[in-house]
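For reference, the structure is listed below as structure tokens.
Read-outs: derived from the displayed coordinates by stated rules, not from any lab. What you see is a predicted model, and the numbers here were worked out from it, not measured in a lab. Using ideal geometry, Cβ is built from the backbone for each residue, glycine included, and neighbour counts are taken over all protein chains shown.
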Amino acid sequence: MIWLTKPLWVMPDKIDNLTCFNKIKRYGLLFLILSIFNNSRADTTIVIRQIEKIAAQVAERYCPDTRIAVWNVEIKFQNNVYCIDGETDRRQALKSFNEKLLEALPAEKLKNGMILLPDDTMNGNDFGIIINSVESLRSGPSVFKDMVTQTLRGLTVEILKYEAGCYLIRTDDGYLGWIEDDRMLIGGDSLKIAWQNTPKVVYDELEGTIYSKASLKSRPVADVVLGNRLKLLGKRGNWTEIELTDDRKGFIPSDQLINESDYAMRIPSAEEIIVTATSLLGRPYLWGGVSTKAFDCSGFIQTVFRRHGIILARDANMQVRQGVAVNVANIPDNLRPGDLLFFGTDATRISHVAIYTGNSEYIHCSAFVRINSLNPQAYNYNAFLRERLCEVRRVIGD
């Protein structure tokens, strides 16, 4: 931009009035155009910020936790139109977002391309059954992404979308993650109904082997871990014939299995939960793990309680919202075996969880499954954790 460096009244006499007028007209018009352009940009920014604010409000109400809800919004201004793209798995969130946009910006040109998941890449095949004994879910559609959690053979998942050879799925505890496309049996409503009506057994030992014949000397078909669901084919002496979701067949000793209907009817008790927990002593820590092979702190808790009919939320700072609060003022006097102990800098920053076993002791997974004490005089006292014990929840009993 060119600016006049002197006021007109001190311009040299040789610049005539017409020249001055032409310069004022030329530069004044340029200044006006730039002003309009800048104002337009400012107005555009204001509208985009309004849309962002509405998106944030909807996310806070309907999708506050991205571990269990999808809410992605992208806003662009193109060809005088505000283009909104994104996705969510919450129908009410999308409905609220659309309504708030129309209410707040009735005069603006909006192109709303938000998608409700499952999207059309699934063609109705939004139901999956896990094939392997344990499957890892990742933070993105690639085997190179971090593992966020796991799920087990025979458990069902909701499939939300397909991308780069992977599915975005929701597990039975509500957690979201990506899994490779050859790790599940995929289908729609017909598969879902068929699997629901199929007689199944649940593996009820910590881990074992599926054999090709009713003999411990036969070749293995696959491994099996606590909580795996298997299609029941029949019984042969002390063995049960089963079928996996990918049609492989095999045999498991019958005393290691329980009918799924009986498994679902189990009434949890503190004694049984502690027996299961202590049977896992020494098992290694694995970030994101939720099987008897290895687990993180909350995965250990979830694995133990799942065996006894309680499906807890996935992470410690989610589990702390379940059950009934117990006063922490009189610890350990007011604790009961089976209570969940939560550790962190405060109740909003929970980073660890354990099961109280009685006699001031608790069992948890930290490097490996171990027992520590709340008693400063005990050999296994952990001062670091005791100082950070800030919440207790009771999920069994009253």
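Across the range 189-194, rounded Karplus estimates of 3J(HN,Hα) from the backbone phi angles (6.51 cos²θ - 1.76 cosθ + 1.60, θ = phi - 60°) give 4, 5, 5, 4, 5, 4 Hz, Gly and Pro being marked x.
To the nearest 0.05, what FRET efficiency results for Ile48 and Glu163 with a Förster distance of 22 Å applied to their C-beta separation?
On the way: r = 27 Å, r/R0 = 1.21.
Efficiency, rounded to the nearest 0.05: 0.25.
Listed cross-link partners Lys200/Lys293; Lys111/Lys192; Lys145/Lys231; Lys249/Lys293; Lys145/Lys192 are compared with a 26 Å cut-off, the Cα-Cα value being larger for Lys111/Lys192; Lys145/Lys231; Lys145/Lys192. Just so you know, the Rg over Rh for the chain is 1.21, from Cα atoms, with Rh as the Kirkwood radius. Of the peptides 69-77, 98-106, the order by per-residue mean of other Cβ atoms within 10 Å, starting with the highest, comes out as 69-77, 98-106.
Distances between every pair of Cα atoms in the range 127-195, grouped in 10 Å steps from 0 to the bin holding the largest one, split as 23, 60, 16, 1 percent.
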